[in-house]
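First the structure, in the form of structure tokens, and then the observations on it.
The values are calculated or read from the model by the stated rules, or taken from the named source; none is laboratory data. Remember, predicted model here, so these are calculated numbers, not experimental data. Methodologically, a virtual Cβ is constructed for each residue, glycine included, from the backbone with ideal geometry; neighbour enumeration extends over all protein chains shown. All accessible areas refer to the heavy atoms of the entire protein, side chains included, with ligands and DNA or RNA removed. Shrake-Rupley method; radii C 1.70, N 1.55, O 1.52, S 1.80 Å.
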Amino acid sequence: MTPEGSVKRKNYVIDTNVLIENPNSVMALRNGNENNIFIPYHVLMELETLKNTPKLRHIVSKVIANLIENREHITFIRNGESESPFTNIVDNYILREIESAQDIPDPILVTNDRLLQLQASLRNIRSEELRDSKPFESESQLYTGIVEDPADAPPNSFFWRDGKAVLLAPDGEKTIGYVNDVWNLKPRTAYQNLALELIVAGHVDLVSIQSEAGFGKTYLALAAALYLTLERKLYDKIFVVKPTIEIGAKMGFLPGDVSEKMEPYMKYVFDLLLKLHRLRPANKLFHNPNEEVLRFNAKKFEVLPLAYVRGMNIENAVVIIDEAQNLSRTEVRAVLTRMGEGVKCVCLGDTSQVDNPYLNEANNGLNWIVRKFKGFANYGHIVLKGDRSRGPITDMVLKSKL
């Protein structure tokens, strides 16, 4: 089974969890043509069951595509017990399939399951963990907005030249040799500065921003909205749209009108606006800025549930769609087709944190926006990175990968 002249080749047998953690692990472990790859038949059976799991369906699809693409470089191993019905406990079957493949010299089981590693050692089967793993990444994560080669880059991408970012605008290059000061808010990282650059750019109508929680997506978008609406007076009103996907225990029925029902979902937005109001007064945003409890002026600022947007025609406004990763493709289309003349739309989200049980990293609304709009002259996307975020505790969470 092992080709002649390949004594130094390693014979890797890949477990299911490795394929799920890194769909490209087959290519990584092959390392060109240096090593041989083996897949136990029960791994395929386990993938068959996992493809029906909503959170894993897109990853399994990627795994299967990679297995088919590399079919000629993979040997699938099985024995008579492979015909037995599938059970959730497949480890023993996988080990038996390795043992039955007598023509695989010194097989190495690659698995991140520590218990399976122990079981393998009891059967004198070598095992290793997958090193340098790179998990599945969505389009909104892979396309960061920063490119290496500007030659074929999408419009409104950035690249670095002599330590400065350069915006590839449709009408030519623009060097960003300054720090944006928007509503007295100065960005804490270079990436935040570039995000503000995209939002306030006159030729960009739609911006999407991807990042983990804590990098200031909403705060930046709100500051830019105040700047464009109240200072530059380019727009008449600010809308914030957010899907009402609950995390944890359900709150149940909420009394009151639309604004009161939305308040628990949008409190953090109100808190951020009040914080910006303290940085620089945004009096027109409120009915009476001198009241102890400030009430928002619906002529200048409004929070909308998704269902309300579908019947509207929004014009001359800044629209912030928060947590766009919890919208479906159909919902994103329904919302964006409500945008009329004079609209600046900013879509925010993190495709690695999808709370909608019917969506995943690949088929969510934010990912569809990046996939379909990348390349349009009036669209821009950026992934926020960096060390500093909303505070020292959040910094620890991000650095530790909690």
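A362 versus (1) under 17 Å from L220 (Cβ atoms); (2) touching a helix residue (DSSP H, G or I) at 6+ places or on another chain (Cβ under 8 Å): which is the lone unmet condition?
The number of the failed condition is (1).
Would a scan of segment 198-210 turn up a residue that is at pLDDT below 95, more than 20 Å from K275 (Cβ to Cβ) and either open to solvent by 20 Å² or more (accessible area, probe 1.4 Å) or not hydroxyl-bearing (S, T, Y) (or both)?
no
How about segment 288-312: which of its residues are assigned to a loop (DSSP other than H, G, I, E, B), of a type in the set (D, E, K, R), modelled with pLDDT of 90 or more and within 21 Å of V335 (Cβ to Cβ)?
Across segment 288-312, the qualifying residue is only K300.
So which residues in segment 160-184 are under 22 Å from D205 (Cβ atoms) and part of a strand (DSSP E or B)?
A165, V166, L167, L168, A169, G172, E173, K174, I176, V182
Considering every residue within segment 138-148, establish whether at least one is part of a loop (DSSP other than H, G, I, E, B), within 30 Å of R114 (Cα to Cα) and open to solvent by less than 70 Å² (accessible area, probe 1.4 Å). Show your work before the answer.
The first filter runs over segment 138-148 and keeps only residues part of a loop (DSSP other than H, G, I, E, B), leaving 138, 143-145, 147-148.
From what's left, within 30 Å of R114 (Cα to Cα): 138.
If we keep only those that are open to solvent by less than 70 Å² (accessible area, probe 1.4 Å) too, we end up with 138.
Yes, that holds for at least one residue.
Quick check on my filter: what residues within segment 26-45 are among the polar types (S, T, N, Q) and under 30 Å from the mean Cα position of the chain (by Cα)? If you could, list the steps in order and put the result at the bottom.
Initial filter on segment 26-45 (among the polar types (S, T, N, Q)): 31, 33, 35-36.
If the condition is that a residue be among the polar types (S, T, N, Q) and under 30 Å from the mean Cα position of the chain (by Cα), then N31 is the only one that fits.
For the structure I just gave you, tell me whether A334 is of a type in the set (G, A, S), closer than 28 Å to H203 by Cβ and either more than 15 Å from the chain's Cα centre (by Cα) or open to solvent by less than 50 Å² (accessible area, probe 1.4 Å) (or both).
yes
List every residue pair whose Cβ atoms sit under 7 Å apart, with the two residues 6 or more apart in sequence or on different chains, where the first one lies in segment 274-297 and is closer than 19 Å to L220 by Cα and the second, anywhere, is aromatic (F, W, Y) and part of a loop (DSSP other than H, G, I, E, B).
L276/W183; L279/W183; R280/W183
Taking segment 353-376, which residues are in contact with a strand residue (DSSP E or B) (Cβ under 9 Å, 6 or more places away or on another chain) and open to solvent by 40 Å² or more (accessible area, probe 1.4 Å)?
Selection gives F373, K374, F376.
With respect to the numbered conditions (1) surrounded by fewer than 15 Cβ atoms within 10 Å (Cβ to Cβ); (2) polar (S, T, N, Q); (3) closer than 22 Å to R30 by Cβ, which one is the sole condition not fulfilled by S127?
Among (1) surrounded by fewer than 15 Cβ atoms within 10 Å (Cβ to Cβ); (2) polar (S, T, N, Q); (3) closer than 22 Å to R30 by Cβ, the lone unmet condition for S127 is (1).
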